[in-house]
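Remarks on the structure that follows.
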Amino acid sequence: MNIPEFSVNKKVTVTMLTILVVILGAFTFSQMGLEMMPEMDYPIVSVVTAYPGASSEDIENTLTKPLESALAGVKGIKSLKSQSVENQSIIVAEFEWGVNLDFASQDMRDAMDRISDQLPNEANRPMVLKTDMSASPILLYSVVGESDTYRQGNF
């Protein structure tokens with residue numbers, strides 16, 4: 001006996017099996033966890049140091065290079081990239097997957113504390129920032145108009 005013939009001859013049985021599958025599917029769907037962005041800790045930690053009024057060359061020589069050399073000894077770093085711009089030094093450390101970022105960021109703070117007396121007094125204390133993807137926006141909108149003038153009044 002094939003499936004179409006069975007379905008025609010046993011209508012009640014097929015209907016009951018269909019209802020059972022739909023009910024089980026609805027139940028399992030309601031129990032399934034669903035997230036738009038699953039919780040993941042990307043192994044990236046940034047060190048941002050502000051130095052008001054300094055040029056990018058001064059920042060590179062007085063902040064970025066000493067901090068890079070201190071951070072290079074931290075265990076588990078895969079790559080270390082830096083950028084020196086006016087008033088600010090940014091160092092991005094990428095760690096190997098599986099490294100505990102809490103311990104890694106603490107190791108980075110300890111390494112920076114060891115050379116804190118070599119940094120300029122005018123510079124702010126370096127901030128260690130872990131990358132948090134849940135804080136990033138999901139969608140960005142941009143509005144462009146045909147005219148360069150803005151309409152005055154109530155909107």
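Over all alpha-carbon pairs of the stretch 13-108, lay out the pair-distance distribution in 5 Å bins, whole %, shortest bin first.
Once binned at 5 Å, the Cα pair distances of the stretch 13-108 give 2, 12, 16, 12, 10, 8, 6, 5, 5, 5, 5, 5, 4, 3, 2, 1, 0.
Can you check what the net charge comes to around LYS75, using other residues whose Cβ is under 10 Å from the Cβ of LYS75 (Lys, Arg +1; Asp, Glu -1)?
-2
In sequence order, what are the phi-derived ³J(HN,Hα) couplings for the stretch 89-95 according to the Karplus relation 6.51 cos²θ - 1.76 cosθ + 1.60 with θ = phi - 60°, rounded to whole Hz, with x for glycine and proline?
Once rounded to whole Hz, the list reads 10, 10, 10, 10, 10, 9, 9.
With a point put 7 Å past each Cα toward its Cβ, work out how far ASP110 is from MET16 in nm, to one decimal.
Roughly 6.8 nm, to one decimal.
Residue by residue, what Karplus-based ³J(HN,Hα) values in Hz, rounded to whole numbers, does the stretch 3-11 have, using 6.51, -1.76 and 1.60 with θ = phi - 60° and x for Gly and Pro?
Per-residue couplings from phi come out as 5, x, 5, 4, 5, 6, 6, 10, 5 Hz.
Identify the residues of the stretch 86-101 with backbone N under 12 Å of a label point that sits 7 angstrom from the Cα of LYS130 along the Cα-to-Cβ direction, or state none.
So the set is 99-101.
Mind listing the Cα extents of the stretch 43-155 along all three principal axes, in Å, largest one first?
58, 37, 21 Å, listed from the longest principal axis down.
Which residue, PRO120, ALA93, LEU140, has the largest displacement toward the positive end of the dipole of the chain when charges sit on each Cβ (Lys, Arg +1; Asp, Glu -1)?
Selected residue: LEU140.
Along the Cα→Cβ direction, 7 angstrom out, place labels at MET40 and VAL8. What is the inter-label distance in nm?
Those two pseudo-labels are separated by 5.2 nm.
What is the stretch 44-133's relative contact order, in percent, from Cα pairs under 8 angstrom and six or more apart in sequence?
Relative contact order, the stretch 44-133: 45 percent.
Helix 101-114 against the longest principal axis of the chain: what's the angle in degrees, Cα atoms only, rounded to the nearest 10?
0 degrees
Work through the residues other than GLU94 whose Cβ is under 10 Å from its Cβ and net out their charges, Lys, Arg +1 and Asp, Glu -1.
Combined, the nearby Lys, Arg, Asp and Glu give +1.
Quickly work out the VAL143-to-GLU86 label distance, labels modelled 7 Å from Cα along the C-beta direction, and quote it in nm with one decimal.
3.1 nm
Laboratory data are not the source of any read-out in this text; all were calculated from the coordinates shown. Keep in mind that what you see is a predicted model, and the values were worked out from it rather than measured. Reconstructed Cβ throughout: ideal geometry from the backbone, glycine too, with neighbour counts over all protein chains shown.
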